[in-house]
Amino acid sequence: MRKGKSLEHFPNLVAMFLDRVAQRGDGPFLWAKRDGTWHSTSYNEAARQVAALSESLIRLGCKPGDRVMLVSENRPEWLIADLAIMAAGCITVPTYTTNTSRDHTHILTNSGARAVIVSTQKLAKALIPAVLFSSDCHDVIGIEDIRTGQSVSEARFHVWSELVAGGGELEAVRSRVAGIARDDLACIIYTSGTGGAPRGVRQHHGAILHNTAACIDVIANDFGWDDEVFLSFLPASHAYEHSGGQMFPIALGAQIYFAESLEKLAANIEEVRPTLMVVVPRLFEMLRQRMLKTIEKQGGIGEKLLGRALAIGRERYETGSIPLKDWPADLAVKLLLKRKVSQKFGGRIKAMVSGGAPLNPDVGLFFHSLGLTMLQGYGQTEAGPVISCNRPRNGIRMDTVGPPLLNTEVRFAEDGELLVRGELVMHGYWNNDEETARVLKDGWLHTGDVGHFDDAGRIVITDRKKDLIVNDKGDNVSPQRVEGMLTLQPEIAQAMVYGDRRPHLVALLVPEPDVKGDEAAVRAKLQKAVDRVNAELSVIEKVRRFALADEPFSVDNEQMTPSLKIRRHVLKQAYGDRLDALYGK
């Protein structure tokens, strides 16, 4: 591990950043592509902008403890704004770029945000009506030019470039943040609302510092810590990316490249050649389907080589070694397939950490067999958000989420619910004492997830308490397991199963785009896929009938969260009658 100040001794996140600035100086920190070329912002320049913007916020009237909302896509200015807000003694309230005016109104009202930073005219369109309804928000800062079309007396508009101009006194920042303790509030992150209105999770500085220190423990002891490079593409407003893709790289003194878009992600990976990536399972499900279809179309040796790679990978995963007779095939797979896959991911990936939702073990094993190290983690916004992570020295098991992080206590209640305690646990929900009391009891966070430890101390998550389907006979079914198996079929892009207090399960399905034909032909293809899945399921898990969704589940239609989990309550509201009708046939 590099020599440097122990993270446990940093009083707050800004102090950690300033320490890394002193170490890295004019070394590159934040990268963004402009006019087809990657441009970097050094640690020193980022610190200057953080200092200048924090002083500007104070001049605008922001006081210690005030909330400042941040609405922006991932870009260098996002992280500079986040650090500047905290450097002013204020609290960041990051929000999703996909939020509607109603969402913004809820968060502005609930948080009582004093000011808001917004990146573009497009994002301001949904934000400004919410600002007009707000009684607390008086200042709007546009990273790019923001035009309202008419005079808005309720808010003052400011230009980013003017607020970050000037010298910016780092010593003044150091002096100002010296009084911020680990227990003090750093940000309010609103959960993505899979089951209703978002709640504001109060994340203190120590919760995120705990996570970064524990993640460094994984990297330093399992992979070695060098000049790390991250590629940021998950929403920075999500706790997983905020801690894992923004603050964790700062803790490592790393470089962060901001991906141009999801559509250009594959090209960006090859250009940037990241060493570590924070990802969600859905990305790998899509990549797996794409790779399978490409190789299937090519046929011949490529298809045979993939088959051998997967068979050898499974043997090595299950037994720890492969027979002597498979060594030649293993060498061929390494030279002809794994090398190409590695190059597609930039050629120097140490590990990809998957979180935000359960990773289907078969998907993890697919990429593991192709030579990519997949570390499935587990957590919640209410816990920093990382609670556990698979790591090579404990043995990677795709059906587990690894052992608890350093300095993290985990135990299971009598009903199997996972409870967690430690500095990573939030101090509660913002202005919501009732929900806080429900999930925080005697210092333990009640996660709502059900599981157990395996014989090696790794956490196995089996169910989600509130998501469990209980059929009319009282049997419990985990919908995620069935949905995961359905979406592994090449014909099925997305799925939601349904059947609470019903005699059996039905499903809502979205076919893959290349499943074409009239409705009868599409249904026939999907039925074959469902039949294959049913052959592997128990009687109570089998999907007896299904309905076709009118459109894919997406963030834009509010049927998925920004971290790509399905919003069951939204889908049930949209398709409930259609799903209920399946029981009458």
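Within the option set 53, 83, being of a type outside the set (Ser, Thr, Tyr), at pLDDT 95 or above and within 23 Å of the chain's Cα centre (by Cα) holds for one residue only, 83.
Return the only residue of 313, 307 being in contact with a His (Cβ under 9 Å, 6 or more places away or on another chain) and either closer than 26 Å to residue 485 by Cβ or surrounded by fewer than 17 Cβ atoms within 10 Å (Cβ to Cβ) (or both).
That would be 313, the only listed residue that is in contact with a His (Cβ under 9 Å, 6 or more places away or on another chain) and either closer than 26 Å to residue 485 by Cβ or surrounded by fewer than 17 Cβ atoms within 10 Å (Cβ to Cβ) (or both).
Filtering the stretch 445-464 for residues that are in a strand (DSSP E or B), out of contact with any Cys (no Cβ under 6 Å at 6 or more places or on another chain) and closer than 24 Å to residue 535 by Cβ leaves a non-empty set. Residues considered: 296, 270, 260, 241. Of these, the only one that is modelled with pLDDT of 90 or more, among the acidic types (Asp, Glu) and under 20 Å from residue 338 (Cβ atoms) is 270.
Taking every residue in the stretch 113-140 that is touching a residue at least 60 places away in the same chain (Cβ under 8 Å) and assigned by TED's automatic domain parsing to the domain that holds residue 76 and pairing it with any residue that is part of a helix (DSSP H, G or I) and not β-branched (Val, Ile, Thr), at least 6 positions away or on another chain, the pairs with Cβ-Cβ distances below 7 Å are 137/108. Listed by position, the strands (runs of 3 or more DSSP E) inside the stretch 359-444 whose residues that are in contact with an Asp or Glu (Cβ under 6 Å, 6 or more places away or on another chain) number at least 2 are 417-421.
Evaluate the stretch 178-187: report whether one residue or more is among the hydrophobic types (A, V, I, L, M, F, W, C), surrounded by 14 or more Cβ atoms within 10 Å (Cβ to Cβ) and either part of a helix (DSSP H, G or I) or at pLDDT below 95 (or both). For the stretch 178-187, residues among the hydrophobic types (A, V, I, L, M, F, W, C), surrounded by 14 or more Cβ atoms within 10 Å (Cβ to Cβ) and either part of a helix (DSSP H, G or I) or at pLDDT below 95 (or both): absent.
Checked against (1) surrounded by 14 or more Cβ atoms within 10 Å (Cβ to Cβ); (2) in contact with an Asp or Glu (Cβ under 9 Å, 6 or more places away or on another chain), residue 476 passes all but condition (1). Within the stretch 280-313, being among the hydrophobic types (A, V, I, L, M, F, W, C), part of a helix (DSSP H, G or I) and out of contact with any helix residue (DSSP H, G or I) (no Cβ under 6 Å at 6 or more places or on another chain) holds for 283, 286, 287, 291, 292, 301, 311.
For every residue, the table says whether it meets (1) touching a residue at least 24 places away in the same chain (Cβ under 8 Å); (2) closer than 18 Å to residue 23 by Cβ.
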site: 216; (1), (2): yes, yes
site: 222; (1), (2): yes, no
site: 228; (1), (2): yes, yes
site: 255; (1), (2): yes, yes
site: 258; (1), (2): yes, no
site: 263; (1), (2): no, no
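Condition test on residue 149, is it at pLDDT below 95, at positive phi and assigned to a loop (DSSP other than H, G, I, E, B)? The answer is yes for residue 149. For the stretch 70-96, filtered to residues that are in contact with a Lys or Arg (Cβ under 9 Å, 6 or more places away or on another chain) and in contact (Cβ under 8 Å) with a residue 60 or more places away in the chain, the residue that is surrounded by the fewest Cβ atoms within 10 Å (Cβ to Cβ) is 89.
If you go through the stretch 463-480 and keep only what is over 22 Å from residue 552 (Cβ atoms) and out of contact with any strand residue (DSSP E or B) (no Cβ under 8 Å at 6 or more places or on another chain), you end up with 472, 473, 474, 475. Taken over the stretch 317-331, the criterion of being of a type outside the set (Ser, Thr, Tyr) and surrounded by 15 or more Cβ atoms within 10 Å (Cβ to Cβ) is satisfied by 322, 326, 329, 330.
Against the test of being under 19 Å from the mean Cα position of the chain (by Cα), within 16 Å of residue 280 (Cα to Cα), surrounded by fewer than 20 Cβ atoms within 10 Å (Cβ to Cβ) and at pLDDT below 95, the options 381, 373 yield a single qualifying residue, 373. Summed over the stretch 433-448, residues that are crowded, with 16+ Cβ neighbours inside 10 Å and touching a residue at least 40 places away in the same chain (Cβ under 8 Å) total 3.
Residue count for the stretch 527-570 under the criterion of being touching a Phe, Trp or Tyr at 6+ places or on another chain (Cβ under 9 Å), in a helix (DSSP H, G or I) and closer than 18 Å to residue 488 by Cα: the result is 2. Scanning the stretch 384-424 for residues that are among the acidic types (Asp, Glu) and surrounded by 15 or more Cβ atoms within 10 Å (Cβ to Cβ) gives 399, 417, 423. Restricted to the stretch 12-36, and to residues there that are in contact (Cβ under 8 Å) with a residue 40 or more places away in the chain and assigned to a strand (DSSP E or B), the residue that is surrounded by the most Cβ atoms within 10 Å (Cβ to Cβ) is 29.
The values are calculated or read from the model by the stated rules, or taken from the named source; none is laboratory data. This is a predicted model, so every value here is computed, not measured. Don't worry about glycine lacking a Cβ; one is built from the backbone with ideal geometry, like all the others, and counts go over all protein chains shown.
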